[in-house]
Amino acid sequence: MSYNNDFDTAIEGLCETFRFLSQTGCSGFDCSKESLNIMGSWGHKQTRLPETLEAIRMDLGECRRCRLSESRKNIVFGAGDPHARLVFVGEGPGYDEDQKGEPFIGAAGRLLTKIIEAIKYTRDQVYICNIIKCRPPGNRNPLPNEIKACLPFLKRQLAAIKPDVICALGTFAAQALLDTTTPISKLKGRFHDYNGIRVLPTYHPAYLLRNPGKKRDVWEDMKKLMKALAN
Ligand code: URA
């Protein structure tokens with residue numbers, strides 16, 4: 001249960017009490033319809049506190065929402081600055097990430113670190129996470145039901161961080177965030193919209209390890225990223 005849920009429950013109870021008091025003719029405090037309407041909106045838009053990553057992590061708990069929980073060693077929630085202007089979203093944890101519970105620390109992760117440093121950031125200054133938080137057995141592709149179970153938590157993380165730009169790494173990140181089946185080759189290299197946040201899809205670092213000739217394309221994308229963050 002997150003703080004916001006507790007808050008909503010408390011406000012609902014408060015409104016119910018005032019409504020009851022107003023119906024029973026109590027006086028001495030403001031039980032007008034107008035006031036009750038104002039209170040009814042508390043906890044929804046205006047006064048809703050922004051979620052924290054800690055609260056989202058607590059809600060996730062020892063997740064058993066899909067079968068990946070049966071084979072994972074660690075949940076890989078995400079790491080970095082909770083107020084980052086730039087978030088990298090990958091596909092899902094591999095062997096090394098599963099062992100340590102940290103995103104992008106294997107071979108693809110080392111390449112991502114170089115990319116981050118090439119654009120004059122450090123890993124601590126950005127936030128790094130994945131579409132799914134548990135390693136698929138044998139590093140197979142995530143299944144639609146696994147993405148569906150995990151995506152709400154990533155969406156809450158992104159809403160909490162409120163980055164200026166999201167860099168979607170590879171097919172699964174780009175397609176899940178943009179809710180499309182368009183191939184990465186068509187999505188990459190230009191900005192898209194995700195809930196008012198600019199999303200730049202590019203190739204996944206693991207793909208670059210297999211296709212080093214594509215590094216030049218990613219560098220072109222990273223220049224666009226730097227430009228977008230310069231303002
Ligand atoms: N590949 C990913 O997509 N994410 C990781 O965390 C590691 C490798």
Cross-chain or 6+ apart pairs with Cβ under 9 Å, region 71-100 first and touching a residue at least 24 places away in the same chain (Cβ under 8 Å) and part of a helix (DSSP H, G or I), then crowded, with 24+ Cβ neighbours inside 10 Å and among the polar types (S, T, N, Q): E97/N130
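Yes/no per residue for (1) of a type in the set (A, V, I, L, M); (2) within 30 Å of L49 (Cβ to Cβ):
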site: L151; (1), (2): yes, yes
site: K155; (1), (2): no, yes
site: K186; (1), (2): no, no
site: Y203; (1), (2): no, no
site: N211; (1), (2): no, no
site: W219; (1), (2): no, no
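What residue, among those in region 61-83 that are under 14 Å from the mean Cα position of the chain (by Cα) and away from the ligand (no atom under 16 Å from the Cβ), is surrounded by the most Cβ atoms within 10 Å (Cβ to Cβ)?
Per the stated criteria, the residue is D81.
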Pair list, Cβ < 8 Å and 6+ apart or interchain, from region 202-219 residues that are more than 14 Å from the ligand (Cβ to nearest atom) to residues that are polar (S, T, N, Q): D217/T202; V218/T202
Verdict on L151 being surrounded by fewer than 18 Cβ atoms within 10 Å (Cβ to Cβ), modelled with pLDDT of 95 or more and over 24 Å from A79 (Cβ atoms): no
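The values are calculated or read from the model by the stated rules, or taken from the named source; none is laboratory data. Since this is a predicted model, take the numbers as computed values, not measurements. Ideal geometry is used to build each Cβ from the backbone, glycine not excepted, and the neighbour counts take in all protein chains shown.
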